[in-house]
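The next block holds one structure in the form of structure tokens; read it before the comments.
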Amino acid sequence: MPFRLIPDNTKLPFMKWAKIRTPVSLVLVALSFFLFFKVGVNEGIDFKGGTVIEIHSINQPVADLSAIRAKLGGLELGEVQIQNIGDPSNVLIRVAAQEGGEDAQQTAVTKIQAALGNTEYEFRRVEVVGPRVSGELAKTGLLAVLFTIGGIMLYIWFRFEWQFGVAAVATLLHDSILTIGFFSATQIDFDLSSIAAILTIVGYSLNDTVVIFDRIREILRRYKQMSVSDIIDLATNQTLARTIITSLTLLLALTALFLFGGPVIRSFTAAMIWGIIVATASSIFIGGPILIYFNIRPKAAATPESKLVQS
């Protein structure tokens, strides 16, 4: 007999559980807003400007981080973060934005190169992000998220009905807000890869939500006398195995990347792990109650083709 992680024909009362899950979500959303405005996110160099330098130890198999800190500590460059990246001989140096604009940033790079020298370390990568560029990156990143969510709402509205579009966008906003709250709570670097993580989470959440919505629409046309809450429960149970198995598969891959992928992608994978968990829960518990609020009925869920057939 084959092993099944999720048995067939489950009859779990998701909409009853939503009475508990929905207030919890509202509290988490409020907490995320509080953390964002009170604490804020730990903006990376992409958004606040600064310098990223990657070096490789030529003579030693393991770079001496304490020696590097000692050499750079006397340069008075402000906040300097030093960490291994991948191989123990590779080091990533992050230097905070310098007062004086891009010229001051270049001067800081020159000081670091002079302090470390070219005989002990090979400079593999130097990236300087000025305040002007970082401001443009922050603006375009925000616009990317907003345009994505707006486009998704239009697609769902066209594909289903406006009630489904509102429910889908509410779910996506819920997931995005909680992910930003996660960045505020953990204070891991918030940079362009974090924007990519949010957009990826939005896409994954949409995929899960559309699968459930499509099943809801099919059942609405088939069982016109069934209550909306029962229809949503039935649709969610029928897609539960697919939802859980897909999420677990992604979480296994992301956990491996988080543990062994190194510090460069750690913030991205951490946000993705959190986002997949949140998106899986919200696709089950958030979109459905919103449809109940709108009291969606079969005529609102029928496609033009089905309406012609019924007439």
I'd like to know if region 176-188 contains one or more residues that are in contact with a Gly (Cβ under 7 Å, 6 or more places away or on another chain), assigned by TED's automatic domain parsing to the domain that holds Ser283, buried (at least 18 other Cβ atoms within 10 Å of the Cβ) and farther than 15 Å from Leu35 by Cα. no
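For region 50-66: of the residues being of a type in the set (Gly, Ala, Ser) and touching a Ser or Thr at 6+ places or on another chain (Cβ under 7 Å), which is nearest to Val109 (Cα to Cα)?
Going residue by residue through region 50-66, those that are of a type in the set (Gly, Ala, Ser) are 50, 57, 63, 66.
Filter once more, so that each one left must be touching a Ser or Thr at 6+ places or on another chain (Cβ under 7 Å): 57, 63.
Working: Ser57: 18, Ala63: 19 Å.
My answer is Ser57.
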Any residue at all in region 123-141 that's touching a strand residue (DSSP E or B) at 6+ places or on another chain (Cβ under 6 Å), basic (Lys, Arg) and not assigned by TED's automatic domain parsing to the domain that holds Ile277? yes
Tell me yes or no: at least one residue of region 160-171 is touching a strand residue (DSSP E or B) at 6+ places or on another chain (Cβ under 8 Å) and of a type in the set (A, V, I, L, M, F, W, C). no
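Listed residues Val210, Val202; which is surrounded by fewer than 21 Cβ atoms within 10 Å (Cβ to Cβ) and assigned by TED's automatic domain parsing to the domain that holds Leu31?
On the way: Val202 fails: surrounded by fewer than 21 Cβ atoms within 10 Å (Cβ to Cβ).
That would be Val210, the only listed residue that is surrounded by fewer than 21 Cβ atoms within 10 Å (Cβ to Cβ) and assigned by TED's automatic domain parsing to the domain that holds Leu31.
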Any hit, region 130-148, residues being modelled with pLDDT of 75 or more and within 27 Å of Ile292 (Cβ to Cβ): yes
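One line per residue, one yes/no per condition, for (1) under 27 Å from Phe160 (Cβ atoms); (2) modelled with pLDDT of 85 or more:
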| site | (1), (2) |
| --- | --- |
| Arg217 | yes, no |
| Arg222 | yes, no |
| Ala253 | no, yes |
| Phe258 | no, yes |
| Arg266 | no, no |
With respect to Asp208, determine if the residue is at pLDDT 85 or above, acidic (Asp, Glu) and under 17 Å from Ile152 (Cβ atoms). no
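The values are calculated or read from the model by the stated rules, or taken from the named source; none is laboratory data. Note that this is a predicted model, so its numbers are computed, not measured. Because the Cβ atoms are built from the backbone with ideal geometry, glycine has one as well, and the counts that use them run over all protein chains shown.
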